[in-house]
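All of the numbers you see were taken from the coordinates with simple rules; none came from a lab. Note that this is a predicted model, so its numbers are computed, not measured. Here the Cβ positions follow ideal geometry from the backbone for every residue, glycine too, while neighbour counts run over all protein chains shown.
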């Protein structure tokens, strides 16, 4: 009976597609969108979504050591919560390790208000942002996104897909709402500070 079940699974076309999608996600260096998976697998989007549903059930929290998650506009695997500590010991993650409070506040400002320049970040934080911005660029969490208009316009920054992946966000729309704070920069700074602390905990 078990051999017959295994043969049925092996010949199921959707399960075969799920194995292909599984392999694509394993070898990818970044999250893959449904469209990217469909193109690589030479299959249609609807069937890819069905295959992802099978994989999501197979690789869910509490059932597997790795978990399939929707993050940074695509799909990727991550370690389960129960395995995360062991994985951290094996594989150091310098992007997440050692982010200062200033860096956390700065990346929160860029995420919510970006593209945003260093002077704008400094205005919200109340202190210079040069060091924090440089650190975040080096870690790949933020990147240049053009310049302010006018001669000598300051460089503007936006968060990257790596930021979304590191912070477990499907997209920037998944960020906690800041509500309608208007132009009260002190209120914005306090709220961003609270968000940064929550993300760090």
Q: Using packing as a proxy for protection, rank 129-135, 57-63 so that the peptide with the highest average count of other Cβ atoms within 10 Å comes first.
A: 129-135, 57-63
Q) How far apart, in nm, are the 7 Å Cα→Cβ label points at residue 155 and residue 131? A) 1.9
**Q.** Among 149-158, 106-115, the order from most to least packed when residues are scored by Cβ within 10 Å on average
**A.** 106-115, 149-158
Q. By per-residue mean of other Cβ atoms within 10 Å, what is the highest-first order of 35-42, 74-81?
A. 74-81, 35-42
(Q) Counting only Cα atoms, I'd like the Rg/Rh figure for segment 2-90, Kirkwood definition for Rh. (A) 1.01
(Q) How much length would be gained if the chain were fully extended between residue 89 and residue 56, taking 0.36 nm per residue of separation minus their Cα-Cα distance, in nm to one decimal? (A) 9.3 nm
Q: Report P(r) for segment 103-159: all Cα-Cα distances, bin width 10 Å, range 0 to the bin holding the largest distance, values in whole percent.
A: 28, 60, 13, 0
